[in-house]
Amino acid sequence: LWGRGARLACDRCAAGAGAQGSGTDSPRRGPHAVHPGGPSVATPAGTVAPGWMELEEGGEWDKLPGGTRLFSAPTNLKTGLTPRAQLNLMFNVIRAASVRGGNLSFGDLTVGMKYRIVDDANLLGDFAILPAVKFPTGPVESGAGTGTTDFSWLLISSHGLGRVAVVLKLGASD
């Protein structure tokens, strides 16, 4: 899938608009500033302000073996729960000739809870952990779902280096 596909990550076209402060991912930015990052592309350590929601949407077109075309849209709905915690609801919208005759299908649902542990630490910068569980909600027979429940975790370190943001991640899944 990855080698032949063209990826378009269009995450909140106004991602930079309204950002305040030094450009890092820390709370020095306005509490309601957008946190740029694309679903499955970038995941900074920042969290959404309590009571606010952000929607990340991506798009990917692939040519599968045999010439079948596939479109998938990774989606991440983030809801701020506390100043340091956010709920993530992630799923894919899929359209392929082999998936339900070419109709749109929803893939498995992943529920994650990002918790920002520290801000502006000397070595870690802004540091968060994101454990998640993927539930087998997508239809397996059509290829949109996996039929398995999977667990994952992600450690995230975000740093602002002038006008450049660096995000380092380490994760695992079963």
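The values are calculated or read from the model by the stated rules, or taken from the named source; none is laboratory data. Keep in mind that this is a model prediction, so the values were computed, not measured. Cβ: placed from backbone, ideal geometry, glycine included. Neighbour counts: every protein chain shown. Only protein heavy atoms, including side chains, enter the accessible area calculation; ligands, DNA and RNA are left aside. Shrake-Rupley method; radii C 1.70, N 1.55, O 1.52, S 1.80 Å.
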Legend entry - Looking only at the range 122-144, and only at residues there that are closer than 14 Å to residue 45 by Cα and of a type in the set (Gly, Ala, Ser), the one that is surrounded by the most Cβ atoms within 10 Å (Cβ to Cβ): 128
Legend entry - Candidate set: the range 68-92, residues that are hydroxyl-bearing (Ser, Thr, Tyr) and either in a strand (DSSP E or B) or modelled with pLDDT of 90 or more (or both); chosen: the one most open to solvent (accessible area, probe 1.4 Å): 82
Inset, instruction - Looking only at the range 150-157, decide whether some residue is among the hydroxyl-bearing types (Ser, Thr, Tyr) and either part of a strand (DSSP E or B) or on the phi > 0 side of the Ramachandran plot (or both). - result: yes
